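Derivation of every value follows stated rules applied to the coordinates shown; laboratory data play no part. Everything quoted here is computed from the prediction, not taken from an experiment. For neighbour counting, all protein chains shown are included, and Cβ atoms are generated from backbone atoms with ideal geometry for every residue, glycine included.
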Amino acid sequence: MMMDQNQSLPNVAVIGLGKIGLTLAAVFANNGYNVFGADINSDVVSSVNKGISHVKNEPGLDQLVSDAHKSKTLSAASSTTEAVAQSDITVVIVPVLVDKENNVDYQFIDAAVEDIAKGVKQGSLIIFETTLPPGDTRNRFGRKIAEISGLRMGEDFYLAYSPERVYSNRIISDLQHYPKVVGGLNTKSLELASNFYKKSLNCELIEVSSLETAEFSKVAECVYRDVNIALANELAQFAEEKGVHMSEVIGASNSQPYSHLHSPGIGVGGHCIPIYPYFFINKGLEQGLTPLSRKINDSMAGYAISKMEKEIDSLKDKNILILGLSYRENVKEPTKSTTLLLIEQLRRKNANLFVNDPMFTDKEIEKYGAIPLSLQDPLVSEMDGVILQAFHQEYSHLDFKKFTNCKLVLDGRNQLNKNEIIESGIKYEGIGG
């Protein structure tokens, strides 16, 4: 059930209350809107209706959710149709990922769109914020809503696309400081969406000429990063062949304003960079830098294992500890983490596989087929090798003297103290020399 709302404010539905959806809902609810949130997870709905954020480590979000709850401008329910029926504007932020074959997986958003279509009313504005392959807002979702509702797209209801461009752990700040790219189905759609974001986010807007331009711009951002990381990884491997330190090269090269070499690493993970390039690849961009970059970045886990084998020889029955299940530092997020690729390859090598990650419980780590290991456990003295995958702040002062049997520390993020590790009698290897 939706709770009583402030009846004097305009109503907005936010469909999907994950990290970004809940943050958007809370910001809207503190900026002059009644927000009806919808999510298929009943625990999320219950939490929001108590004024409690289920999303942790997001600065400012706890307070925004609490404030909106007190002012009765934010509530949640499991019924998307009900939330949409009570609102003039609907913002959709339901995940779209890829499956094991890297085909786009629409199951959650398709179901949400059907429910939206059952609740949409005359004059409504529907904005998609989920990252999508170009063309989907109009051709897949707009048409489906029109077909089910019987309303005419662009006349009876309006359609816009505005990609989220935020980063975990700083979403509220990014919403204020990053320009909001907005594209509309027609002039009226763009006008309605722009007016909404001006009021609800009070940020700079970049109005683009079409839905497809806005969709393309978000995927292009991710492809740019993937390609440049792949270049850094390729150059890092070549630098190692030539006995050159890539970190020194980056510092020297980037002193010239037209060079922006990225940092090499053990791989790329998360909801964005390893996923969204396939939104272009699967639409026909099958040759060139975009698919090649995916292959290079996903190959870095294998490259790391080969570096380890050179020092330890056979990994069969060796105790290998991976530091970090998360795809990156200081977040709890395993999606497309390089650790999953490392686990897969180390299993094939018949290594004894251990994982430490302070963000996850032992049970959560065990689900991924690894043995959880506390850094306080005496068993650390029996590790033959250590791989740093995510440089959580807890790893910045690791005492490697405890790793008495360790032959190699492979620093997949080039962040550990090389001298301390060497002084502990352990071989140190980074990515790029």
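With respect to Ile275, is the statement that it is closer than 30 Å to Pro59 by Cα, of a type in the set (A, V, I, L, M, F, W, C) and outside any helix (DSSP H, G or I) true?
It is true that Ile275 is closer than 30 Å to Pro59 by Cα, of a type in the set (A, V, I, L, M, F, W, C) and outside any helix (DSSP H, G or I).
When the range 36-59 is examined, which residues are found to be closer than 20 Å to Ile109 by Cβ and surrounded by 24 or more Cβ atoms within 10 Å (Cβ to Cβ)?
The answer is Phe36, Gly37, Ala38, Asp39.
Looking at the range 198-215, which of its residues are surrounded by fewer than 22 Cβ atoms within 10 Å (Cβ to Cβ) and assigned to a helix (DSSP H, G or I)?
Across the range 198-215, the qualifying residues are Lys198, Lys199, Glu212, Thr213.
Of the conditions (1) under 11 Å from Ala13 (Cβ atoms); (2) in a helix (DSSP H, G or I); (3) within 25 Å of the chain's Cα centre (by Cα); (4) of a type outside the set (Gly, Ala, Ser), Asp62 clears all except one; give me its number.
With respect to (1) under 11 Å from Ala13 (Cβ atoms); (2) in a helix (DSSP H, G or I); (3) within 25 Å of the chain's Cα centre (by Cα); (4) of a type outside the set (Gly, Ala, Ser), Asp62 is out only on (1).
Against the condition over 27 Å from the mean Cα position of the chain (by Cα), of a type in the set (Lys, Arg), in a helix (DSSP H, G or I) and over 15 Å from Gly265 (Cα atoms), how does Lys363 come out, does it pass?
The answer is no for Lys363.
For the range 120-155, name all the residues that are in a helix (DSSP H, G or I), of a type in the set (Val, Ile, Thr) and in contact (Cβ under 8 Å) with a residue 60 or more places away in the chain.
Result: Thr137, single match.
Criterion first (outside any loop (DSSP other than H, G, I, E, B), surrounded by fewer than 17 Cβ atoms within 10 Å (Cβ to Cβ) and among the small types (Gly, Ala, Ser)) does Ala117 satisfy it?
Considered against the rule, which asks whether it is outside any loop (DSSP other than H, G, I, E, B), surrounded by fewer than 17 Cβ atoms within 10 Å (Cβ to Cβ) and among the small types (Gly, Ala, Ser), Ala117 comes out as no.
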